[in-house]
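Worksheet: one structure, shown below.
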Amino acid sequence: MLTAGTLAKAHLFNTPAKLDLFRDTTFELLANYAIELRAWAFFANHYHLIASFAGATGEQRTFLRHLHRELAIRLNQRDGRPGRKVMYQFWDSALTYEKSYLARLHYVHQNAVRHRLVTTGAEYPWCSARWFESNARDAFVRSVYSFKIDRLSVMDEF
């Protein structure tokens, strides 16, 4: 699980078009690195990804540097702010236990609810909840959403 935030928690991706840029740039680079994405949530000042690097064509650190550089270049070009630092830090957690993985899937799918942006995760266009609920088997969706997330330790103070 990867989490990263903007410098000083600034709300730099503060419009639908900028959130689309955030999502689309990330998806493009994930595909370029052959990284398997399992869940995502993009916000004005941070993101969460759950991904598998098992078949990736590059290391996680290389991917993150590339992603954060591309986000800065593309956002700064759009805003007319060349050289502005955009992304600040990242945190990662290796998900080695199935229950931990499933709980974090739930967490990422419902993170927009936690941030009080929507009442259900599927309503938020920049997260994977709608995709997950439409593509996964109903029993798996119910199983994932049954995991408690109130005690998870996830960097998310944005």
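Values in this text are rule-based calculations from the coordinates and carry no lab data. These numbers were taken from a predicted model, which means no experiment stands behind them. FYI the Cβ positions are ideal-geometry reconstructions off the backbone, even for glycines, and counts take in every protein chain you see.
List Lys85, Lys18, Lys148 from most exposed to least, where exposure is judged by having the fewest other Cβ atoms within 10 Å.
Lys148, Lys85, Lys18
Send over the semi-axes of the range 1-82's equivalent ellipsoid, whole angstrom and largest first, taken as the square roots of 5 times the C-alpha gyration tensor eigenvalues.
They are 22, 13, 11 Å, listed from largest to smallest.
Between Arg74 and Glu28, what is the spin-label point distance in nm, taking each point 7 Å from the Cα along the Cα→C-beta axis?
The modelled label-to-label distance comes out at 0.4 nm.
How would you rank Ile35, Ile73, going from fewest to most other Cβ atoms within 10 Å of each one's own Cβ?
With the sparsest Cβ surroundings first, the list reads Ile73, Ile35.
So for the pair Thr120, Phe147, with labels modelled 7 Å out along Cα→Cβ, what separation do we get in nm?
In this crude label model, Thr120 to Phe147 measures out at 2.1 nm.
Roughly how tilted is helix 98-109, in degrees to the nearest 10 and between 0 and 90, from the longest Cα axis of the chain?
60
With Kirkwood radius over Cα pairs in Å as the read-out, I listed [x] 18.6; [y] 17.3; [z] 16.0; which label goes with the value calculated from this structure?
Comparing each candidate, only [z] matches the computed number.
Suppose every Lys and Arg Cβ carries +1 and every Asp and Glu Cβ carries -1, with no other charges. What dipole size does the range 2-145 come out with about its Cα centre, to the nearest 20 debye?
Once rounded to the nearest 20, the dipole reads 460 debye.
Report, for the range 2-145, the % of DSSP beta bridges that are antiparallel, rounded to 5.
100
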